[in-house]
Amino acid sequence: RSTCAAASSTHPLLRRRGYSSESAPERKVAVLGAAGGIGQPLALLMKLNPLVSSLSLYDIAGTPGVAADVSHINTRSEVVGYMGEDQLGKALEGCDLVIIPAGVPRKPGMTRDDLFNINAGIVKSLATAIAKYCPHALVNMISNPVNSTVPIAAEVFKKAGTYDEKKLFGVTMLDVVRAKTFYAGKAKVPVEGVNVPVVGGHAGITILPLFSQATPKANLSDEDIKALTKRTQDGGTEVVEAKAGKGSATLSMAYAGAIFADACLKGLNGVPDVIECSFVQSSITELPFFASKVKLGKNGVEEVLDLGPLSDYEKQGLESLMPELKSSIEKGIKFANQS
Ligand code: NAD
Ligand code: LMR
C-alpha cells in the first residue's frame, strides 16, 4: 500500500474548470482491475482529475507498484492500492464512483461475447462486493461484453436489494471517441468541435453511430457514411488485430473511461447540462438496456434522451441491431440468475 502527499493547490491541472482542491467536494473513486492494460493509464488519468480526492486502486495482483508509482504525482487525490479479495471491501468503502476495467481482453478472431465465460463471473463477484460495501456508488462498467455485463450487474444489485437504475452505466464512450475522430478526418473539420452520438450497444453492429446528427454538419456521401459507420463498429477489432495477440484497446479506452468518469463526477457535483452517451437501463426502445445520450446529475442518470431523428440508413441499422442486443442482454440476465 502507498499513500501520497497532499497536492499543491497551484498545480495547473487543479485549476481547470474553476475547481481547486479546496472547493471541489470530497470524492472517492475506485478502479477495479487497476493493474491492467486499461487500469494503469486510467489510474494515471484519474490521478490527474482534480474532482477526485481519494483514488482506490484494486486488482488481484500488481496494485502496490501501480499505486506507489501514481501516488508520487503531485495532484489532489490520496492514492491507496489494494490487492486480493480480502482487501476489496476496504477498496470500495465510501466510494462515490467505481470504474470496472477488470477481466480478460480479446485476441484476434474473438468476439466480445467470447469473453463472456470468464468476465461474467468476475463482474458478478465485483458487483456483489459493490452491493455490500458501496451500494450507493455510481458504477462505470468497462469489462466486456458490456451488452451482457451491465445486465449482470443490474441483476446482482436487484438480488441484493440495492439496484438503482440511475447509477449503473455501461461505458460506450470509446465508440463516441472513435466516431468523433473518424468523422473529423473524413469531414476535414477540427476534431475538438465534433460531436457524434453513438447509440445501441457496444459490440459489432450493435454500435450505431448517428452521423446524421453529427456536428459540425458536413456534406458526406452515403458511401462515406457507410464506411465511417463500419469503421466505428469495427474500431475495437482494428486495435485487436494491430496488437496481434497482445490485447485490445487500452490507451484510448483509458482516455474514454476518464472522460466518462469525469462527466459522472461533474454530474454528482451539480454541474448542469452534462450529457454523454452510455448503455443504461432505458425505455426509449423495447429493450431494457440501450445506449443513448444521457443527462448526468446529482443522482447519476437524470434523463435518458431519446434517439432524435434518424436517417433511413440509421433506421435500418437500428432494426438490425435489436435481435443481437436483446440476446446479449438476456444472456447476462440468465447468467446472473442461474448461478
Ligand atoms: P488486462 O488483461 O490488461 O487487464 C485486466 C485486469 O483485470 C488485470 O490486471 C487483471 O489482474 C484484472 N482482474 C482480473 N480478475 C479480476 C478481479 N476478479 N478483480 C479485479 N481485477 C481483476 O485487460 P484490459 O486490456 O485492461 O481490458 C480489460 C477489460 O476491458 C476487457 O474485458 C476488455 O474487453 C474491456 N474493454 C472494454 C472497452 C469498452 O469500450 N467498454 C474497451 C477496451 C477494453
Ligand atoms: C473496444 O471497443 O476497443 C473494446 O470493446 C475492446 C475490444 O475487444 O474490441
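The values are calculated or read from the model by the stated rules, or taken from the named source; none is laboratory data. Every value quoted in this text rests on a predicted model; they were computed, and no experiment measured them. Reconstructed Cβ throughout: ideal geometry from the backbone, glycine too, with neighbour counts over all protein chains shown.
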Task: Residue check for residue 194: among the β-branched types (Val, Ile, Thr), in contact with a strand residue (DSSP E or B) (Cβ under 8 Å, 6 or more places away or on another chain) and more than 16 Å from ligand 2 (Cβ to nearest atom) - done: yes
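Does residue 62 satisfy the condition of being of a type outside the set (Asp, Glu), under 21 Å from the mean Cα position of the chain (by Cα), within 15 Å of ligand 1 (Cβ to nearest atom) and farther than 28 Å from residue 270 by Cβ?
Details: of a type outside the set (Asp, Glu): yes; under 21 Å from the mean Cα position of the chain (by Cα): no; within 15 Å of ligand 1 (Cβ to nearest atom): yes; farther than 28 Å from residue 270 by Cβ: yes.
Considered against the rule, which asks whether it is of a type outside the set (Asp, Glu), under 21 Å from the mean Cα position of the chain (by Cα), within 15 Å of ligand 1 (Cβ to nearest atom) and farther than 28 Å from residue 270 by Cβ, residue 62 comes out as no.
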Task: In region 116-136, the residues that are within 18 Å of the chain's Cα centre (by Cα), over 24 Å from residue 199 (Cα atoms) and surrounded by fewer than 24 Cβ atoms within 10 Å (Cβ to Cβ) - done: 122, 124, 136
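When region 300-324 is examined, which residues are found to be under 21 Å from the mean Cα position of the chain (by Cα) and on the phi > 0 side of the Ramachandran plot? Spell out how you get there, then give the answer.
Taking region 300-324 and keeping what is under 21 Å from the mean Cα position of the chain (by Cα), we get 300-307, 321, 324.
300 - this is the single residue of region 300-324 that is under 21 Å from the mean Cα position of the chain (by Cα) and on the phi > 0 side of the Ramachandran plot.
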- [ ] Considering (1) away from ligand 2 (no atom under 14 Å from the Cβ); (2) touching a residue at least 24 places away in the same chain (Cβ under 8 Å); (3) of a type outside the set (A, V, I, L, M, F, W, C), say which one residue 158 fails and leave the rest.
- [x] (2)
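For residue 130, indicate whether it is farther than 14 Å from residue 333 by Cβ and more than 15 Å from ligand 2 (Cβ to nearest atom).
Values: farther than 14 Å from residue 333 by Cβ: yes; more than 15 Å from ligand 2 (Cβ to nearest atom): yes.
In short, yes.
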- [ ] Filter region 112-149 down to residues that are over 18 Å from residue 39 (Cβ atoms) and of a type in the set (Val, Ile, Thr), then give me how many there are.
- [x] 1
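Given the criteria farther than 19 Å from residue 319 by Cβ and β-branched (Val, Ile, Thr), does residue 199 qualify?
Details: farther than 19 Å from residue 319 by Cβ: no; β-branched (Val, Ile, Thr): yes.
When the stated conditions are applied, residue 199 does not pass them.
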TODO: Find the residue count for region 113-138, including only residues that are under 12 Å from residue 101 (Cβ atoms) and either touching a Leu at 6+ places or on another chain (Cβ under 7 Å) or in a loop (DSSP other than H, G, I, E, B) (or both).
DONE: 1
Open item on the list: Going through 246, 217 one at a time, which residue ends up being surrounded by fewer than 17 Cβ atoms within 10 Å (Cβ to Cβ), basic (Lys, Arg) and either within 13 Å of ligand 2 (Cβ to nearest atom) or in contact (Cβ under 8 Å) with a residue 40 or more places away in the chain (or both)?
Closed with: 246
- [ ] Could you tell me whether region 37-50 includes any residue that is over 23 Å from residue 171 (Cα atoms), of a type in the set (Lys, Arg), modelled with pLDDT of 95 or more and in contact with a helix residue (DSSP H, G or I) (Cβ under 9 Å, 6 or more places away or on another chain)?
- [x] no
- [ ] Report whether or not residue 153 is under 20 Å from residue 118 (Cα atoms) and in contact with a helix residue (DSSP H, G or I) (Cβ under 6 Å, 6 or more places away or on another chain).
- [x] yes
Open item on the list: I need the full set of residues from region 230-264 which are touching a Gly at 6+ places or on another chain (Cβ under 7 Å) and closer than 27 Å to residue 316 by Cα, in order please.
Closed with: 233
- [ ] Confirm whether residue 30 is in a helix (DSSP H, G or I) and at pLDDT 95 or above.
- [x] no
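The rows are residues; the columns are (1) part of a loop (DSSP other than H, G, I, E, B); (2) at positive phi.
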| position | (1), (2) |
| --- | --- |
| 50 | yes, no |
| 65 | no, no |
| 73 | yes, no |
| 80 | no, no |
| 89 | no, no |
| 94 | yes, yes |
| 98 | no, no |
| 106 | yes, no |
Task: Among (1) crowded, with 18+ Cβ neighbours inside 10 Å; (2) more than 9 Å from ligand 1 (Cβ to nearest atom); (3) within 17 Å of the chain's Cα centre (by Cα); (4) not basic (Lys, Arg) - the single one residue 165 does not satisfy - done: (1)
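Are any of the residues in region 145-152 assigned to a helix (DSSP H, G or I), within 15 Å of ligand 2 (Cβ to nearest atom), touching a Gly at 6+ places or on another chain (Cβ under 6 Å) and of a type in the set (A, V, I, L, M, F, W, C)? Walk me through it before giving the result.
Pass one, region 145-152, residues assigned to a helix (DSSP H, G or I): 146-152.
Filter once more, keeping what is within 15 Å of ligand 2 (Cβ to nearest atom): 146-150.
With the extra rule that they be touching a Gly at 6+ places or on another chain (Cβ under 6 Å), the set shrinks to 146-148, 150.
With the extra rule that they be of a type in the set (A, V, I, L, M, F, W, C), the set shrinks to 146, 150.
Yes, the conditions are met somewhere in region 145-152.
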Task: Filtered residues of region 74-116 (kept if among the β-branched types (Val, Ile, Thr), over 20 Å from residue 138 (Cβ atoms) and within 16 Å of ligand 2 (Cβ to nearest atom)) - done: 104, 111
